[in-house]
Amino acid sequence: MVDQRLEIADDKGLFRLKWEYEKEQKPWDDLLCFGTADMDYRSPQPILDALERVIQRGHLGYPMIPDAYYEAIQNWLLRTNAWEIDARSSVLQNAGIYMAAWTALNILTAPGDAVAILTPVHFCFREILTLNRRRVMECPLILEEDGYRIDFGALEACLAAGSKVLWICNPHNPVGRAWKKEELQKIADLCLRYQAWILSDDVYCGLIFPEGRYTAIASLSREISYRTITLYSTSKTYNTAALRHAFIVAENPEIYKQYREALNAMSMEYGQNLMGIVATIAAFNECDAWLDRLRKEIAENHRFLTQYFESQIPGRCRVMKSDASYFAWIDLRKLRIRPQTLSYQIEQEAHMIVENGYPLGRGGAGFIRMNLATSRANIEEGAKRLKKFCERRDSRI
Ligand SMILES: Cc1ncc(COP(=O)(O)O)c(C=O)c1O
């Protein structure tokens, strides 16, 4: 049990995409928002205090990156992954994960090149690739009774067919799998065999359920790390997305050099986000206790929703097993609703915003993603509304 729940941010004066923006678009006073991947909790106090100290000093000019930043990252990777890096020669900053991903893809691939992704996956993966004229090779995950696993045969086929990069998400949005060491080793073996690069988006790596473990693919060996660029940010785990700060780890000196040149080409290397730097230091040095509570709470929210549907509408609406993230990935295929319209119908009838699985690639149709980083009251109300939504469909069958 969570002894004390995390504090929900007071919504007065906030202007969030997740809530205020949606409420502006929709006519319903009782709208519930489970869409955007943000938490409703207050960001951890040590981060807020650190940011406040910056404001008090009264200077917001271009920052240098202090040693404390590199040390915080080094210590954190050592603590969480026994991964010993020299951050000064392998870490570079960027303005958020997407910019960091695109900068990497731009140096690893040329227009027309293929990139493999494991679907269903966050829609931005496909969007960034197609908008930038890269070919998407979908490698659908295999859904089994107890959750998702990687189809290594299909992955090998994608790599053999010429994918230059495998872009993974670890833990995986939306299905919540934190890939196990053995799975990562197999992925890496294949990428090494076919000389493919690995781009690993590990933005959810702090949000592992208490009994789970996060393994960074690059931490498995120096050889693997030399073929990998790993993307990190405090945005998801510590609720700092608005700071637009991310960093990469690239231990291969040639890749590091090229990434640095790519940043220079955009005048991005000079002067980074001061608040992002300060928040990163505070997150990795001072927030472990807060994070322990968060991990318990999101795991409990997930368990609650799973049990609610199991007991209230067995067989109609199933929360898939997960080991990380604040998402519930919910199977509604039995309702036999046209998948393209699923979230729209839920929105119209239940007045709740959820993410539709359909645009997330093969394997996403008939699923929705519900963000559970909110109050238990919101989750209970959302669960009741979804139950009613399913029951209405039952009565029509
Ligand atoms: C898998 C994944 N990567 C990256 C991002 C974006 O991260 P950021 O806002 O820190 O750039 C998201 C946001 O939802 C995400 O789900």
Inset, instruction - Restrict the check to region 193-204 and report whether at least one residue is within 11 Å of the ligand (Cβ to nearest atom), among the charged types (D, E, K, R) and over 19 Å from residue 105 (Cα atoms). - result: no
Inset, instruction - Could you please find all residues in region 343-369 being crowded, with 22+ Cβ neighbours inside 10 Å and over 14 Å from residue 31 (Cα atoms)? - result: 355, 356, 357, 360, 361, 364, 367, 368, 369
Legend entry - Subset of region 74-117 that is within 13 Å of the ligand (Cβ to nearest atom) and assigned to a loop (DSSP other than H, G, I, E, B) - its residue that is farthest from residue 267 (Cα to Cα): 96
Inset, instruction - May I ask you to list the residues in region 188-214 that are more than 22 Å from residue 157 (Cα to Cα), surrounded by fewer than 23 Cβ atoms within 10 Å (Cβ to Cβ) and among the hydroxyl-bearing types (Ser, Thr, Tyr)? - result: 214
Inset, instruction - Give, as residue ranges, the helices (runs of 4 or more DSSP H) completely inside region 118-196 that count at least 2 residues that are at pLDDT 95 or above, more than 29 Å from residue 315 (Cα to Cα) and within 19 Å of the chain's Cα centre (by Cα). - result: 123-131, 181-193
Legend entry - All positions within region 120-152 that are within 16 Å of the ligand (Cβ to nearest atom), under 17 Å from residue 368 (Cα atoms) and touching a residue at least 60 places away in the same chain (Cβ under 8 Å): 120, 121, 122, 123, 141, 148
Legend entry - Every pair of residues 6+ apart whose Cβ atoms lie under 8 Å, when the first sits in region 229-258 and is outside any helix (DSSP H, G or I) while the second is charged (D, E, K, R): 230/202; 231/201; 231/202; 232/202; 239/38; 239/42; 251/222; 252/227
Inset, instruction - Restrict the check to region 288-308 and report whether at least one residue is within 16 Å of the ligand (Cβ to nearest atom) and surrounded by fewer than 18 Cβ atoms within 10 Å (Cβ to Cβ). - result: no
Inset, instruction - Starting from region 71-99, take each residue that is assigned by TED's automatic domain parsing to the domain that holds residue 255 and list its partners that are within 16 Å of the ligand (Cβ to nearest atom) and acidic (Asp, Glu), counting only C-beta distances under 9 angstrom and pairs at least six apart or across chains. - result: 97/201
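The values are calculated or read from the model by the stated rules, or taken from the named source; none is laboratory data. No experiment lies behind these values; they were computed from the predicted model shown. FYI the Cβ positions are ideal-geometry reconstructions off the backbone, even for glycines, and counts take in every protein chain you see.
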